[in-house]
Each structure stands twice: as C-alpha cells, then as structure tokens.
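Structure, as structure tokens:
The values are calculated or read from the model by the stated rules, or taken from the named source; none is laboratory data. Remember, predicted model here, so these are calculated numbers, not experimental data. Cβ sites come from the backbone with ideal geometry, for glycine too, and all protein chains shown count toward neighbours. Accessible surface areas use protein heavy atoms only, side chains included; no ligands, DNA or RNA. Shrake-Rupley method; radii C 1.70, N 1.55, O 1.52, S 1.80 Å.
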Amino acid sequence: MVRRARRINRELAEIYPYAHPELDFRNPFELLVATVLSAQTTDLRVNQTTPALFAAYPTPEDMAAAVPEELEEIIRPTGFFRAKARSLLGLSKALVDDFGGEVPGRIEDLVKLPGVGRKTANVVLGNAFGVPGITVDTHFGRLVRRWKWTEQEDPEKVEAEVCAIFPKSEWTMLSHRVVFHGRRICHSRRPACGACPIAPLCPAYGEGETDPEKAKKLLKYEKGGQPGQRLSPPPDYPGLPAPPLGATQAAEAEA
C-alpha cells in the first residue's frame, strides 16, 4: 500500500505540476479569512467575495472594528454568513489583542482562534508560512479512503495515518495534488475512471465511468476546458481565470 501510495503521489505530481491553493490571497491574514469562509461553499464563491471584503477590511484591525451587519452583507454569498461573521470578528480581535495584529505561524496558536480548526491551520501554515501539513478536506478524505490509504473517517486520524506514509516535505503539495484530482477527475458520485491517468494504480477503478469518451465529458476545470476557481491564478496555471461575482449571471442575461 505504501509503495502504491507513493507512486500515486509521484504520478499526481506529473499530472498537476501547477497544483496550488485554490483560494486567492496576498498575505497570511487574507488566506486565513478566505479559508474560514470556504466552509460549506466553493473556493470559487469565496474568491468572488473576498475582493470587496478585503477592500473594506484589509487588516485584522479593520475587520475587528467592522459593523457586524455590514460584514455579514459582504460575505452573504458564501452562506452561513452570520456564523462566519462572528468567527471573522472573533479571530480578528484575537489577532489584534493576542498577536499584535499578525497571524501566528504555529498550529498551537492558530487553532485557538475562533472558527479555526486543524484543517484551516494546516492550510495557512503550509501555504503562507511554508510549514508542511496535510489538509484533510472532503475531497482529500474520500480519495485517500478510495485509494485504501486509510479507513478512518475522523479528519485528525486520516491526517495522522497519511502523514505516516509520506515524508514531511511532501505533505503540503500532496494535499494540493489530491484535492486537484478530486475536483477535476475523481468526483464523488461519478468519477471519470476512463480518463484518469492513475487508473492502473487505483484499487477503486470501475466505480465511475470507464468509457474514455464518456469519461472525458466529466472532466472539470482546466481538464475540461473550463475556468478554474481563482480569479487570480498563479502564472503557471494552464486554465482560465474564474469570472468575478455576477459576471456569469450578467453574461447569461446578455445571451
């Protein structure tokens, strides 16, 4: 299992050499806020919402002083906006009061912030501070179980078992590669098995569409010729930038 898991990681590295966090951010604070907002919604919807949010509240000090109703209105498109607004106000105040307005670079400190668990902390540490970590989101959890790397359902137990398979230096990029694969090819309900480059290594091959032509139609984002989730993707991203909030509806209305 370990040999196959590491081979899958090497294959994914070749398939997704451009794998990256799919949240737009320019600093640790923006990544922290965006990750909190990403709960129970898409990264795309978060990326469409954060430009206005960070224009209004660019720093923890600004966000801590926000009028709750005004903050809620800006983040409304991400869903659960009242609970998320409470988390953002709480974590911003904690950053100002306890950390001098700076996002801490230790998991022990991050998980004490309102609305921040291990998943969010690992995202911030891995992508804003270069501290290796595995991010167990929905995609990561279901793929590693599909590949028989673990049978655990609890995210912390999944994290621990997968960490034991790979060297620490691989943890952050492994997370990105697995999530990329889950979003683009290895879907939850109907994986595109017939178009999957790692099909020969997959113990779950055949759970999805095995016909190559039909499977090709199931591919998403750049693999399917569609826009990605980031409005400002990295320079090496081979796909199209996502449209800003309201652009899709406006285009449909004009058509």
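Observations, loosely collected:
- Any hit, the stretch 71-81, residues being within 15 Å of Phe29 (Cα to Cα), of a type in the set (D, E, K, R) and at pLDDT 95 or above: no
- Number of residues in the stretch 91-130 that are β-branched (Val, Ile, Thr), closer than 17 Å to Pro155 by Cα and surrounded by fewer than 20 Cβ atoms within 10 Å (Cβ to Cβ): the value is 2.
- Segments classed as helices (runs of 4 or more DSSP H), wholly inside the stretch 35-109, with at least 3 members that are of a type in the set (A, V, I, L, M) and over 24 Å from Pro227 (Cα atoms): 81-99
- For the stretch 27-62, taking the residues that are of a type in the set (A, V, I, L, M, F, W, C) and farther than 16 Å from Val124 by Cβ, the one that is least open to solvent (accessible area, probe 1.4 Å) is identified as Leu53.
- Scanning the stretch 178-216 for residues that are open to solvent by 40 Å² or more (accessible area, probe 1.4 Å), free of Cβ contacts under 8 Å to residues at least 24 places away in the same chain and assigned to a loop (DSSP other than H, G, I, E, B) returns Arg189, Tyr205, Gly206, Thr210, Asp211.
- When we screen Leu125, Leu95, Leu88 for residues that are free of Cβ contacts under 8 Å to residues at least 40 places away in the same chain and in contact with a Gly (Cβ under 9 Å, 6 or more places away or on another chain), the only hit is Leu125.
- Between Thr172, Thr120, the distinction of being over 20 Å from Met63 (Cα atoms), in contact (Cβ under 8 Å) with a residue 24 or more places away in the chain, part of a helix (DSSP H, G or I) and among the polar types (S, T, N, Q) belongs to Thr172 only.
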